[in-house]
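Presented below is the structure to which this report refers.
The values are calculated or read from the model by the stated rules, or taken from the named source; none is laboratory data. These numbers come from a predicted model, not from an experiment. Backbone-built Cβ (ideal geometry, glycine too); neighbour counts: all protein chains shown. All accessible areas refer to the heavy atoms of the entire protein, side chains included, with ligands and DNA or RNA removed. Shrake-Rupley method; radii C 1.70, N 1.55, O 1.52, S 1.80 Å.
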Amino acid sequence: LQQDMRRRWFDRFLKGAPNGADQEAYVEIAVQPPSNSAHTNLGTTWEHRSATVWPPTTALTRTYLRANGSMTATAPGGVAVGPTLAHRVAPGFDVTSYVAIGGGLSANAVLAQIPKVTTSFVGGPLLEATELIGRGSVTVEVEDNTGLFQLTAVLHHVNAAGTATWITDGTVGERSGQPGRHTVTIEPNDVAHVIPAGHRLRLTLMNVSDHNPPASRRIRMVPYFTDTDSRILVDANHASHL
């Protein structure tokens, strides 16, 4: 389907074929199913929508990361100590070794050499079904002891029983080599998803790009091969947020 859409677009705008591609909606959006099992079920129908602009011009919502692992609409006040991601690489494991074991397609083998370290922030239960649509971002204030670090942000929604459904993710890297405080912005993939009422939104930060949707898990970005400690700053002066 994607290939057909590309060909029709090229036929119209490069070859002048009057196939009507220029009359169709500027954006076509497939809304992800509300569960991982529905996502991978070939019988599931994905609702489609259209739009005239992208990303949509809907209002943005900001949610702040808090030291106790919550997410709130209000920014933190006062002093708070955020979590630290300790990125550790097995001795001798480098980019050559990474390629030799299969690279990003061998996620388990890579994570055996560079353990995944995570920290999560969870919002309150949603009072009604809530739509996430468009392009989000995660701004994180980081105190790092090498200035060589990678952060991945993953969004899930979690029901009352603790079952998590994947929404989207994104990765950013810092390679300045300057220890100290850094501000990084992670842009997860564009998304269209409806979170059911009663579920909680969960943001997880991790040290490697473990792209793990309901299918096709892989290490999406080459990891960094230098040990480092990255502390997430969540105090009044460094308000990391989604």
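Rolling a 1.4 Å probe across the protein heavy atoms gives the stretch 63-194 an accessible surface of 47 Å² per residue.
Phi-derived couplings, Karplus 6.51 cos²θ - 1.76 cosθ + 1.60 at θ = phi - 60°, listed residue by residue for the stretch 155-168: 9, 10, 10, 10, 8, 5, 8, x, 6, 9, 10, 5, 10, 6 Hz, with x used for Gly and Pro. Using a simple spin-label model with points 7 Å from Cα along the Cα→Cβ vector, what separation in nm is obtained for THR139 and ARG220? In this crude label model, THR139 to ARG220 measures out at 2.2 nm. Rounded to the nearest 500, the helix-only mean residue ellipticity at 222 nm of the chain stands at -3500 deg cm²/dmol, with each DSSP H run of n ≥ 4 adding -39,500 (n - 2.57).
Surface composition of the stretch 1-155: carbon and sulfur atoms hold 55% of the protein heavy-atom accessible area at a 1.4 Å probe. When the Cα gyration tensor is reduced to axis lengths a ≥ b ≥ c, the ratio a/c is 1.5 or higher for the stretch 6-129, and with a/b not above b/c it is classed as oblate.
Enumerate by residue number the chymotrypsin sites (Phe, Trp or Tyr not before Pro) in the stretch 21-64 meeting two conditions: DSSP loop (anything except H, G, I, E, B), and at most 12 other Cβ atoms within 10 Å of the site's Cβ.
Qualifying residues, ordered by number: TYR26, TRP46.
Between the helical axis of 2-15 and the longest alpha-carbon principal axis of the chain there is an angle of about 60 degrees.
Volume of the convex hull of the chain (Cα atoms only), normalised per residue: 167 Å³. The alpha carbon gyration tensor of the stretch 100-242 gives principal lengths a ≥ b ≥ c with a/c of 1.5 or higher and a/b no greater than b/c, which makes the shape oblate. Shape call for the stretch 29-84 from the C-alpha gyration tensor, a ≥ b ≥ c root eigenvalues: rounded (a/c under 1.5), prolate (a/b greater than b/c) or oblate? It is oblate, given that a/c is not under 1.5 and a/b is not larger than b/c.
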